[in-house]
């Protein structure tokens, strides 16, 4: 099976997850990102993995849950907006949002709120305008340091709404339905 992906056609593989791999995916969400799956979305009875080139997408029922790349395992924006996850986050102002949605990293002056996290943590980026997650990033400094500073780069943007990963997720969901 082929999928139009960023710069051309790439081969993809779609497989149903075994019960063991489904439990493993849920465990990763719970332990790594503090997500409580069964309270906010129904307990998944089936799941899929979609692989293309350097990406693997894990889907629980019809909810994209985890993206695995050669560098990291990250939650999807979809799962952060669907399940209750205890993950670090920053909330950005309206002026920063268009830049974040074009791939820019998160700068300290654009942050209006944050919770506690450490340097190197995978964190969510919330929109103050919409109140929902619009990106996933890697903290370049801990939250206490961000509070002390007036300027500088705080979070590396690694996945945002509308990027190539987002388009891969949308295309993959169409394939499994």
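Taking the DSSP beta bridges with both ends in the chain, the antiparallel portion is around 90 percent.
If I take all pairs of Cα atoms in the range 87-160, what percentage of them are more than 19 Å from each other?
Working: 477 of 2701 pairs.
So the pairs more than 19 Å apart make up 18 percent of the total in the range 87-160.
Fully extending the segment from residue 16 to residue 156, taken as 0.36 nm per residue of separation minus the present Cα-Cα distance, adds 47.2 nm. Evaluated at q = 0.09, 0.11, 0.18 Å⁻¹, a Debye calculation over the C-alpha positions of the chain (equal weights, vacuum) places log10 I(q)/I(0) at -0.31, -0.47, -1.15. Remark: relative contact order (the range 87-160) = 37 percent; criterion is Cα-Cα distance under 8 angstrom and separation of 6 or more residues.
Stretched out straight at 0.36 nm per residue, the stretch from residue 31 to residue 72 would grow longer than its current Cα-Cα span by 13.2 nm. Compared with the dominant principal axis of the Cα atoms in the chain, helix 164-176 is inclined by about 30°.
Under the simplified labelling scheme, the residue 112-residue 43 pair shows an inter-label distance of 4.0 nm, with each label point 7 Å from Cα along Cα→Cβ. Counting only alpha carbon atoms, the long axis of helix 19-33 and the longest principal axis of the chain meet at about 0°.
What ratio of Cα Rg to 2.2 N^0.38 Å holds for the range 134-177? Could the numbers behind the result be given before it?
On the way: Rg = 15.4 Å, N = 44, 2.2 N^0.38 = 9.3 Å.
Ratio of Cα Rg to 2.2 N^0.38 Å: 1.66.
Estimated from helices alone, the mean residue ellipticity of the chain at 222 nm is -7500 deg cm²/dmol (sum of -39500 (n - 2.57) over DSSP H runs with n ≥ 4, per residue).
We did not get these values from a lab; they are worked out from the coordinates using the rules stated. It should be emphasised that the depicted structure is a prediction, and the values quoted were computed from it without experimental measurement. Note that we place each Cβ from the backbone using ideal geometry, even for glycine, and neighbour counts take in every protein chain shown.
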